[in-house]
1. Any idea which of LYS323, LYS312, LYS372, LYS338 is farther than 30 Å from TYR195 by Cα and basic (Lys, Arg)?
2. Residue by residue through the stretch 17-52, note down the ones that are of a type in the set (Phe, Trp, Tyr) and in contact (Cβ under 8 Å) with a residue 24 or more places away in the chain.
3. Restricting attention to strands (runs of 3 or more DSSP E) lying wholly within the stretch 18-132, give those where 1 or more residues are among the hydroxyl-bearing types (Ser, Thr, Tyr) and either out of contact with any Lys or Arg (no Cβ under 7 Å at 6 or more places or on another chain) or under 30 Å from VAL286 (Cα atoms) (or both).
4. Give the residues of the stretch 59-70 that are in contact with a Leu (Cβ under 9 Å, 6 or more places away or on another chain) and surrounded by 13 or more Cβ atoms within 10 Å (Cβ to Cβ), sorted by residue number.
5. Please go through the stretch 90-143 and give me each residue that is among the hydrophobic types (A, V, I, L, M, F, W, C), more than 28 Å from PHE171 (Cβ to Cβ) and over 26 Å from the mean Cα position of the chain (by Cα), ordered by number.
6. Could you list all residues from the stretch 221-231 that are surrounded by fewer than 22 Cβ atoms within 10 Å (Cβ to Cβ) and in contact with an Asp or Glu (Cβ under 8 Å, 6 or more places away or on another chain)?
7. Among the acidic types (Asp, Glu), within 20 Å of LEU223 (Cβ to Cβ), more than 21 Å from the chain's Cα centre (by Cα) and not assigned by TED's automatic domain parsing to the domain that holds GLU374: does that describe GLU438?
8. Just checking, does the stretch 298-308 include any residue being closer than 16 Å to ARG368 by Cβ, buried (at least 19 other Cβ atoms within 10 Å of the Cβ) and either in contact with a helix residue (DSSP H, G or I) (Cβ under 9 Å, 6 or more places away or on another chain) or not assigned by TED's automatic domain parsing to the domain that holds PHE19 (or both)?
Amino acid sequence: MTKKEEKNIGITVKKSDDFSEWYTQAVTKSDLADYTSVSGCIALKPYSYEIWEKIKEVVDSKLKKLGVKNCYFPMFIPESLLQKEADHVEGFSPEVAWVTHGGDTKLGERLAVRPTSEAIMYDSYSKWIRSWRDLPLKLNQWNNVVRWEFKHPVVLLRTREFLWNEGHTAFATKEEAEKEIEQVMALYQDVCENYLALYGISGKKTESEKFAGAVYTKSIEYLLPSGKGVQGPDAHHDGQNFAKAYQIQFLDREEKKNYVWQNTWAITTRMIGVMIAVHGDDKGLVLPPRLAPIQAVIVPIYTASKKAEVMKAVDSAAKSLKKFSLEVDDRDYSPGWKFNEWEMKGVPVRIEIGPRDVEKNQAVIVRRDNGKKEFVPLKSLAAGVESTLEEIQKSLLAKSRKFLQDNIAEASAMKQLVDSIKAGKMARVFFCGNLKCEEEIKDKTGGATARCIPSDAKKGKCVLCGKEGQTTYFAKAY
């Protein structure tokens, strides 16, 4: 392989020079995902799907502790069901893909390809829920959805089909439902911070940005190095809106008929894209150890005469590292080529063992996040790898937190807001919540939207109209 060929295998642009191109190369060259012949739809390759499986596993185990059970509903939704909740339909109408024919036969009623499952699930809920004894009903699906939006698709961040979980719960009281919203948001925040190592701002969406049909939406918002905001996991308190639309009623303990109180919530494969964008560097991916498909890779370094003794030490080291997700790279490539490839794939720890290391009964541990090297006795290798992985996990979260905090700009006037958005910042302002003000801010800033209102929001004069408002974050969005 020539040097030119080796160079083209790696990332050819700097993250700071061309984020979009860097991101595309990082995703495709690291073997995470690839484009398909269906516009806006991608193939998740095993490397990315394993990350999703890890996210799914941890979220699922935490949901089960909240009493949530998994189920599955059809991906096809009759048009008549979808139309029952007016706000919901209006919110999703531009994104719905329709099935109109079965073979050559035109269907009697159009079927929507699932953009979300409220309509199909709540038709069943209306049959299943009769009494307070049937509540709470806490169901969740792990599935795919299709939203045929026409914005420019971005691998993992915005695709027409994506994977997610969608929880749909029903309660006898508003208090129970709202308590669950807080529990689920805390769950998602825990997963994002302690597994994906991502720090975001949690808060309530404005009326225009909330989920279609919900009373209110809470979300975790992130800022990417491109200067654009992106929404992470969210939870929607739907009140009794869907219950009234789909006639989900129950007899309470006093034998009175009431509508249930409902929530919906989700985390999606988009979070893999956010993780890549925030943590990655000019060499490629930087994966948090708790989600990395491969936590450590051993790269033997030897000449032909030293191969046997080096590989003997490598085999012994590998046995001591069985508790980790480990790869031994004994392929017939140069060590430098291997280093570059594993760096591009974001493997948290690289372990080098060469003839001199064998002589000294040591190994070299190299951190992916900062490139630091440490010489560790072979007998202490497992402990060294374990502590290094924990340090990397904590360091990535701290770096994510610092990045976000360093890129939040206070803006008390429109010029400051406009300048902050132009500079790729997330702006913190006082905002009145009025839709006309929101639209005018979006127009004057070239597309910035309200990301969320934090739980510790303070009162102040709206950055645009001067009326009373509260702390709100604005940024351009993907």
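The values are calculated or read from the model by the stated rules, or taken from the named source; none is laboratory data. No experiment lies behind these values; they were computed from the predicted model shown. Cβ: placed from backbone, ideal geometry, glycine included. Neighbour counts: every protein chain shown.
1. Result: LYS312 is the single residue among LYS323, LYS312, LYS372, LYS338 that is farther than 30 Å from TYR195 by Cα and basic (Lys, Arg).
2. PHE19, TRP22, TYR23, TYR35, TYR47, TRP52
3. Here the list reads 33-35, 105-113.
4. Listed by number, the residues that qualify are VAL59, LYS62, LEU63, LEU66, VAL68, ASN70.
5. Within the stretch 90-143, TRP98, VAL99, LEU107, LEU111 meet the criteria.
6. Matches in the stretch 221-231: GLN231 only.
7. yes
8. Yes.
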